[in-house]
Amino acid sequence: MICIECDSEVSDKARFCGNCGAKFSLVPDFIQKRKDEFKEKQEKKRLEKEEKKRLEKERHERIERELQERLERKQKEKVESERLEKENQEKERKQKEKEEAKTVKKLIKNLDNTDYTLLESQRTENILLSLHIGLEKQMNSIEKLIRCKLVKKLDREPTFTEKEKLERQRDTPQYKQHVARLNRIMDKKMAERLKEFCKKIGLKTPDDPFELTHEGEQILAKKRKVLESVWQKLTSAYDSKNKQLFREEASKRVSMFPLFMIMGFANGAMMGTMMGSMGMNPATYMQDMDMAYNDGYADGSGDFGGEGGDFGGEGGDFGGEGGDFGGEGGGFMDGGMGVGM
């Protein structure tokens with residue numbers, strides 16, 4: 001240490017200055033030492049406190065960082081999961097569409113006379129064409145045609161002319177008899193089936209109208225070309241009086257006979273005359289058919305040996321007691337559905 005009297009350097013343990021003899025006091029040194037110790041202790045606490053704060057801050061930052069990373073990871077996982085789910089849904093949708101397209105293609109390929117009759121009924125706006133088809137059979141056919149996108153619900157209000165044409169058809173004896181018959185035989189089970197049918201295809205009432213789609217028009221036009229080709233072969237064989245060829249073609253194409261009449265190529269009288277001239281029994285070929293063209297075939301003008309009317313049946317219409325074309329109580333709806341089908 002340094003002597004305060006002569007500025008000479010002396011030992012820290014000395015009590016007197018060796019140069020000037022000045023006496024050193026122990027109290028100031030003790031106090032200074034205590035001050036220094038206290039100061040050092042405070043500094044140490046401050047440093048410890050700052051270190052603690054720093055560590056705490058680092059801990060919080062680490063926790064926040066880990067939390068943020070966890071949230072980002074979960075978000076990424078969610079996004080990835082949603083992406084994969086959408087991809088799977090899209091794959092499933094495309095697969096279902098592919099399967100549905102195959103099913104529809106098969107259904108269209110296997111359209112039967114009932115289906116073509118309903119399509120022709122739509123094209124000509126003639127509800128009388130379909131009166132001979134049974135209710136259940138007709139509902140099944142309509143569901144099929146809608147599924148195949150060959151018909152659809154009319155997305156506009158019917159015109160006055162369309163309504164007028166419909167009402168004229170509803171005023172015919174055939175239609176009134178048809179409605180009366182359905183009202184007589186309608187039961188709870190069939191009424192429930194009709195309700196389910198309307199719900200399934202989105203009809204508010206059974207009178208909601210339908211119309212042909214572009215695809216339906218094309219399918220029907222294609223079928224008409226096939227029928228026209230076959231009809232030309234039959235008429236050619238008939239004109240040339242080639243009985244063998246006529247019989248062969250008639251036997252192969254007997255399933256088309258109802259559509260010849262439904263689509264206006266011939267009527268019952270014409271078909272019967274042609275078969276009779278070729279030495280064929282018309283009833284043999286016609287007795288199993290459940291469809292025919294009402295105008296000129298099932299209304300009495302095409303009679304072939306049956307009481308009261310049409311082709312070999314009592315009381316009326318083509319091969320069945322009390323009913324239209326091959327069955328009891330056939331027909332469609334309960335007075336409604338006329339605009340549509």
Just for the Cα atoms in region 174-291, what are the lengths along the principal axes, largest first, rounded to whole Å? 54, 36, 22
Put 20, 3 in order of accessible area, largest first, probe 1.4 Å, and you get 20, 3
Compute the distance from the alpha-carbon center of region 91-141 to that of region 228-262, in whole Å. 26 Å
Excluding same-chain residues fewer than 8 positions from residue 86, which lysines have a Cα within less than 17 Å of its Cα? 76, 78, 94, 96
Quick one: how many Å² of residue 226 are accessible to a 1.4 Å probe, rounded to 10? 60 Å²
Which of the peptides 201-208, 138-145 is most tightly packed, and how do the rest follow, going by the mean number of other Cβ atoms within 10 Å of each residue? 138-145, 201-208
Can you tell me which lysines have their Cα less than 18 Å from the Cα of residue 165? Leave out same-chain residues fewer than eight positions away. 176
At 25 °C and 0.890 mPa s, grab the translational diffusion coefficient of region 58-125 from Stokes-Einstein with a Kirkwood Rh over Cα pairs, rounded to a whole number in µm² per second. 145 µm²/s
For region 120-223, radius of gyration divided by Kirkwood radius, i.e. Rg to Rh on alpha-carbons: 0.95
Alpha-carbon gyration tensor eigenvalues x 5, square-rooted, for region 90-179, Å: 31, 16, 10
At 1.567 mPa s and 4 °C, plugging the Kirkwood radius over alpha-carbon pairs of region 168-215 into Stokes-Einstein gives what diffusion coefficient in µm²/s? 101 µm²/s
Accessible area per residue, 1.4 Å probe, Å², for region 171-283: what's the number? 57 Å²
Considering only Cα-Cα distances, which of the following residue pairs are longer than 22 Å: 98/223; 53/74; 109/222? 98/223; 53/74
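The values are calculated or read from the model by the stated rules, or taken from the named source; none is laboratory data. This one's a predicted model, so the numbers in the text were calculated from it and none came from an experiment. Cβ sites come from the backbone with ideal geometry, for glycine too, and all protein chains shown count toward neighbours. Areas reflect the complete protein model, heavy atoms only, side chains present, ligands, DNA and RNA absent. Shrake-Rupley method; radii C 1.70, N 1.55, O 1.52, S 1.80 Å.
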